[in-house]
Each structure stands twice: as structure tokens, then as C-alpha cells.
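Everything on this sheet refers to the single structure shown next.
The values are calculated or read from the model by the stated rules, or taken from the named source; none is laboratory data. Treat the numbers as computed from the prediction; the structure is a model and nothing was measured. Heads up, the Cβs are rebuilt from the backbone with ideal geometry, glycines too, and the neighbour counts pull from every protein chain shown.
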Amino acid sequence: MARNFGSNDGTSGDWVARARRARESGDAALSESEGAALSRLRKENTYQTSQFTGESLARRL
């Protein structure tokens, strides 16, 4: 894969290792598009959870 991008194997390995360490330590920053997608998914989840909770309450009454 490294050859496809014009770099050597060591450089690719360094990038992967750095990304793994960042992810494992919780320091991995999201890109702007990833942050927007995460925000949208959280809103959808909140909405769906509220719909489910409302339906569940209505059935119990």
C-alpha cells in the first residue's frame, strides 16, 4: 500500500502506530466531517430513543 502513495513501508507503519496510540489513549481528534456526522447521529439517536420511550409509556397506560 505504501508504494501506491509513493512512501516507504516504515512511514506507513509509523502512521498506523501513531493512529493506534492516539485512539487507545482517547486523544484521536475527529475531522470536521466526522464531528458533524457524530453530532447528526447523536441527534437521531436522541430522537429515536424519545420516540421509543414515548411508545413504551403509551402501551403501559
- Task: Could you tell me which of the residues 34, 44, 55 is among the acidic types (Asp, Glu), modelled with pLDDT under 80 and part of a helix (DSSP H, G or I)?
- Result: 55
- Task: With the condition kept exactly as written, say whether any residue in the range 13-28 is surrounded by fewer than 10 Cβ atoms within 10 Å (Cβ to Cβ), outside any helix (DSSP H, G or I) and either among the aromatic types (Phe, Trp, Tyr) or modelled with pLDDT under 85 (or both).
- Result: yes
